[in-house]
Amino acid sequence: MSDTPPVISFSGVDQVFTRDDRTTVTALKDLNFTVGRHEFVAVLGPSGCGKSTLLRLIAGLVFPTRGKVDIYGQQVVEPRDEIGIVFQRPTLLPWFNVLGNVTFPFRHKYGRVTEAEKARAHELLKLVDLEQFATSSIDQLSGGMQQRVAIARALLLDPDIMLMDEPFSALDALTRDEMSFELLRIWTERPKTVLFITHSIPEAVLLADRIIVMSPRPGAVREILDVPLPRPRSFDSLSDPRFNALANHIRSRLFARHAA
């Protein structure tokens with residue numbers, strides 16, 4: 001990371017939820033980490049360790065029980081316009097075509113879509129290689145194509161920060177690999193600060209500059225690892241000995257309790 005101030009900062013963050021029966025569950029415990037400008041950081045950890053809660057804290061959808069989350073040095077106290085979110089499923093609106101789905105953030109926020117905004121949407125569809133499908137209905141698209149529409153929609157307001165919550169988890173293995181390389185291309189052409197939640201160790205190693213490895217609940221930072229692979233990355237990166245070495249190290253950390 002550079003010496004410039006961080007874009008995202010977690011300082012001593014705990015997150016405790018109260019159930020309907022008034023018992024409590026600690027989702028996150030003493031989180032401390034930063035994310036730099038245009039850095040791509042992946043978060044790995046077992047199910048239930050609070051990865052999605054971590055994203056919701058950054059997005060201003062929930063607030064920490066203890067500690068604080070800062071963006072550009074300001075504490076997060078509400079949702080912020082400079083954040084775009086891509087969810088596990090594309091959550092597209094079937095009554096709009098592809099272009100209508102991409103422009104929906106303007107329609108939702110301002111009640112209208114200008115010709116200039118439509119032109120920007122067309123540029124983003126070109127970026128994700130879907131310009132020829134602008135007038136297509138959503139049900140005419142494959143799962144991977146729908147997720148590319150969701151990425152274009154998240155980019156429409158030109159956010160500084162992209163939060164991605166297992167965006168490829170619902171895709172088949174081949175499409176998931178294709179989308180990983182597609183995301184690398186998009187991020188290279190339109191750099192953003194990215195926090196990427198995933199259960200896939202290879203996906204994290206391929207995409208990220210750094211990887212945050214989380215412990216089981218209550219989720220805490222077990223280790224933060226630099227990814228030594230040079231950019232730009234390609235299929236050749238998958239056979240780099242450093243790729244396998246880092247992936248195996250992460251497996252040893254995540255599955256240490258299963259070791260003989």
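Tell me, what is the 1.4 Å probe accessible area of D14, in Å² to the nearest 10?
My reading of the accessible area for D14 is about 10 Å².
How much of the accessible area of the range 58-156, probe 1.4 Å, is carbon plus sulfur, in whole percent?
Working: 2670 of 5130 Å².
With neighbouring chains kept in place, the figure for the range 58-156 is 52 percent.
With unit charges on the beta carbons (Lys and Arg positive, Asp and Glu negative) and the dipole taken about the Cα centre of the range 1-154, which residue among Q147, L125, T91 sits farthest to the positive side?
Projecting each Cα onto the dipole axis, the largest value belongs to T91.
Round to the nearest 10 and report in Å² the accessible area of I212, as given by a 1.4 Å probe over the protein chains' heavy atoms.
Spelled out: I212, probe radius 1.4 Å, area about 0 Å².
By accessible area of protein heavy atoms, probe 1.4 Å, what ranking do L174, L183 get, highest first?
Details: L174 140, L183 10 Å².
Per-residue accessible area, sorted high to low, gives L174, L183.
Would you look at the GNM of the chain, springs on alpha carbons closer than 10 Å, and say which of T103, T23, T193 moves the most?
Greatest mean-square fluctuation among the candidates belongs to T23.
Would you mind telling me the share, in percent, of accessible area of the range 182-260 contributed by carbon and sulfur at probe 1.4 angstrom? Walk me through the numbers on the way to the answer.
On the way: 2180 of 3860 Å².
Ligands and nucleic acids excluded, carbon and sulfur reach 57 percent.
Which of the helices in the chain meet the span-like rule: DSSP H, Cα axial reach of 15 Å or more, Kyte-Doolittle mean at least -0.5?
Working: long enough: 115-127 (18 Å, -0.71); 143-155 (18 Å, 0.23); 173-189 (24 Å, -0.22); 241-254 (20 Å, -0.54).
What comes out of the filter, once short or polar helices are dropped, is 143-155, 173-189.
Could you state how much accessible area S234 has, in square angstrom rounded to the nearest 10, with a 1.4 Å probe and all protein chains kept in place?
Here the residue's solvent-accessible area equals roughly 50 Å².
Starting from the Cα of R80, move 7 Å in the Cα-to-Cβ direction to define the label point; list residues of the range 180-195 whose amide nitrogen is under 16 Å from there.
Under 16 Å, as judged by backbone N against the label point of R80, lie 192-195 of the range 180-195.
What accessible area per residue comes out for the chain, rounded to a whole number of Å², with a 1.4 Å probe? Walk me through the numbers on the way to the answer.
Values: 12680 Å² over 260 residues.
On a per-residue basis, 49 Å².
Going through the range 1-89, which trypsin sites (Lys or Arg not before Pro) have at most 15 other Cβ atoms within 10 Å and a DSSP loop state? Display every interim value, and only then the final one.
Values: sites: R19, R22, K29, R37, K51, R56, R66, K68, R80; in loops: R19, R22, R37, R80.
Listed in order of number, the matching sites are R19, R22.
Taking the Cα-to-Cβ direction at K126 and at H199 and moving 7 Å from each Cα, how far apart do the two end points lie in nm?
With each label point 7 Å from Cα toward Cβ, the separation is 3.9 nm.
Based on Cβ point charges of +1 for Lys and Arg and -1 for Asp and Glu, what charge dipole magnitude is obtained for the range 195-241 about its Cα centre, in debye rounded to the nearest 20? Mind dumping the intermediate values first?
Numbers: 5 positive and 6 negative charges, 40 e Å.
Magnitude of the dipole: close to 200 debye.
Taking the simple approach of a point 7 Å from Cα along Cα-to-Cβ for both N32 and E189, what is their distance in nm?
4.1
Do any of K68/K109; K118/K192; K109/K192; K29/K109; K51/K109; K68/K192 go past 32 Å between their Cα atoms, and which?
Numbers: K68/K109 28 Å; K118/K192 22 Å; K109/K192 22 Å; K29/K109 35 Å; K51/K109 28 Å; K68/K192 23 Å.
With Cα atoms farther than 32 Å apart: K29/K109.
The values are calculated or read from the model by the stated rules, or taken from the named source; none is laboratory data. Bear in mind the structure is a predicted one, so any value in this text is a computation, not a measurement. Backbone-built Cβ (ideal geometry, glycine too); neighbour counts: all protein chains shown. The protein model used for the area step is the full one, side chains on, heavy atoms only, and it has no ligands, DNA or RNA in it. Shrake-Rupley method; radii C 1.70, N 1.55, O 1.52, S 1.80 Å.
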